[in-house]
Each structure stands twice: as C-alpha cells, then as structure tokens.
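First up is the structure itself, then whatever we jot down about it.
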C-alpha cells in the first residue's frame with residue numbers, strides 16, 4: 001500500500017516539483033494539496049493522509065499552528081515539516097506541536113524521500129545540518145559541552161545517544177537518513193575516542209553524560 005501524502009505550501013512551483021518527485025516513487029502518492037494552514041486542516045479531515053508535508057510560513061494560520069490542530073484532531077496522521085528556516089526558534093515549536101520531523105528545503109530529493117519513509121515507519125527526523133543548532137540551545141548544554149571536550153562531534157553525539165537508546169545500526173541509519181556504513185564508522189570513531197569497547201560501556205557513558213535517562 002502506498003504512503004498517502006498531503007502537500008502544504010503556498011508556492012505552486014514548489015508543490016509541483018515535490019508532487020512530481022513523490023509520484024514517481026513506487027511506494028508514494030500525493031493525494032492532496034493545500035496552500036494555507038486552514039485548508040490543510042480541513043483537507044486532513046476529508047482525505048486522511050498518512051503524512052502531511054508541511055511548510056511553516058503559510059498565509060492565515062502558520063504551519064506550526066496547523067500542525068497542532070491536525071495532531072489534536074487526527075493524532076494518527078504524521079507531520080513532516082519542510083522548511084527554509086535552519087534556526088532553533090522554529091525547530092523546538094515544530095516538535096512541541098507534534099510533528100515527527102523537520103527537514104530543510106535545500107536537501108536533496110533522495111533525502112526528502114528517505115525522510116518521508118522514515119517518518120511513515122515511526123521515526124523522528126531532524127535534518128543533520130540542524131544538529132549543532134539544537135545542541136547549542138539544548139537544556140543539557142553543560143553535558144553536551146563535556147561530550148565535545150571528549151572529542152565527539154555533534155553527529156557522533158547523536159549516534160551515541162541512539163546507540164544508548166538501544167537502536168540497531170539500521171534503525172540509526174533510518175532515523176538520521178545516513179547509510180549503515182556511515183553509522184558503523186561513527187560507532188568505531190566514538191569507541192576509539194572514548195576508549196570504550198561495547199554497547200554496555202557506551203550506554204553507561206551516555207547515562208553519565210546525561211544523554212539518556214537510566
């Protein structure tokens with residue numbers, strides 16, 4: 001069964017391009033389009049898509065408010081935000097509104113398709129370019145600073161957090177929209193930098209640094 005997608009953006013040319021891309025995928029189908037937030041909320045009620053691909057800067061109610069209303073009225077419908085904004089003031093409200101992911105309009109078409117599939121499978125998605133932005137404003141800033149002092153990059157910190165949560169290499173690859181080989185490379189680098197040797201030691205380290213709760 002195909003993933004049914006509702007496109008929400010006030011730029012007709014962008015919608016046309018995304019529609020063409022998604023309709024060429026064997027497992028996807030664009031079932032509707034909206035150019036403002038109110039229209040998006042109403043269309044979700046009518047056509048019940050699997051995923052709403054949502055812009056933020058919409059006329060009328062914006063994408064964040066529209067997401068809140070969609071998730072309140074149709075909690076089973078997933079929302080993936082596709083935005084031009086890469087600053088943290090937009091990212092946090094999007095996830096607080098109930099969205100499953102936040103990706104940038106400048107990403108490649110292959111990455112957008114992968115993000116949609118990952119969201120449909122129940123993963124949360126954050127564009128890799130936004131990781132540093134979120135870390136800089138994270139409430140666990142001191143712990144993250146300590147992690148970076150240990151030599152870990154922002155991406156390695158994110159991989160470590162997912163390892164400690166018990167995700168497999170494949171699940172981490174799906175969530176971060178990267179290859180399994182890249183996950184394995186990050187994992188090796190983390191273990192070498194921290195002089196740790198297995199998942200148990202990595203998990204203990206992540207708990208100690210406040211990346212996850214014990």
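The values are calculated or read from the model by the stated rules, or taken from the named source; none is laboratory data. Given the structure is predicted, the values throughout are model-derived calculations rather than measurements. FYI the Cβ positions are ideal-geometry reconstructions off the backbone, even for glycines, and counts take in every protein chain you see.
For segment 194-213, the candidate set comprises residues that are surrounded by fewer than 11 Cβ atoms within 10 Å (Cβ to Cβ) and assigned by TED's automatic domain parsing to the domain that holds residue 151; within that set, the residue that is nearest to residue 151 (Cα to Cα) is 195. Among residues that are crowded, with 20+ Cβ neighbours inside 10 Å, at pLDDT 85 or above, in the same structural domain as residue 41 (by TED's automatic domain parsing) and part of a loop (DSSP other than H, G, I, E, B), residue 99 is included. Checked against the criterion of being modelled with pLDDT of 85 or more and either in contact with a strand residue (DSSP E or B) (Cβ under 8 Å, 6 or more places away or on another chain) or surrounded by 18 or more Cβ atoms within 10 Å (Cβ to Cβ) (or both), segment 133-152 has no qualifying residue.
The set of residues in segment 199-214 being at pLDDT below 85 and either in contact with a strand residue (DSSP E or B) (Cβ under 6 Å, 6 or more places away or on another chain) or more than 17 Å from residue 172 (Cβ to Cβ) (or both) consists of 207, 208, 209, 210, 213, 214.
Residue 162: closer than 30 Å to residue 116 by Cβ, part of a helix (DSSP H, G or I) and in contact with a helix residue (DSSP H, G or I) (Cβ under 6 Å, 6 or more places away or on another chain), yes or no? When the stated conditions are applied, residue 162 passes them. Does residue 61 satisfy the condition of being over 17 Å from residue 16 (Cβ atoms) and touching a strand residue (DSSP E or B) at 6+ places or on another chain (Cβ under 9 Å)? No, not satisfied.
When segment 66-85 is limited to residues that are touching a strand residue (DSSP E or B) at 6+ places or on another chain (Cβ under 9 Å) and in a helix (DSSP H, G or I), the one that is surrounded by the most Cβ atoms within 10 Å (Cβ to Cβ) turns out to be 67. The set of residues in segment 167-189 that are more than 15 Å from residue 118 (Cβ to Cβ) and touching a residue at least 24 places away in the same chain (Cβ under 8 Å) comprises 186, 187, 189. Scanning segment 145-154 for residues that are touching a helix residue (DSSP H, G or I) at 6+ places or on another chain (Cβ under 6 Å) and free of Cβ contacts under 8 Å to residues at least 60 places away in the same chain, we see that the one that is farthest from residue 107 (Cα to Cα) is 151. Exactly one condition in (1) modelled with pLDDT of 95 or more; (2) within 15 Å of the chain's Cα centre (by Cα) is false for residue 90; which is it? Single failed check for residue 90: (1).
The set of residues in segment 190-206 being without any contact (Cβ under 8 Å) to a residue 40 or more places away in the chain and within 15 Å of residue 153 (Cβ to Cβ) consists of 190, 191, 192. Does any residue of segment 179-186 turn out to be buried (at least 18 other Cβ atoms within 10 Å of the Cβ), assigned to a helix (DSSP H, G or I), modelled with pLDDT of 90 or more and outside the structural domain of residue 7 (by TED's automatic domain parsing)? Looking for residues that are buried (at least 18 other Cβ atoms within 10 Å of the Cβ), assigned to a helix (DSSP H, G or I), modelled with pLDDT of 90 or more and outside the structural domain of residue 7 (by TED's automatic domain parsing), one finds at least one in segment 179-186, hence yes.
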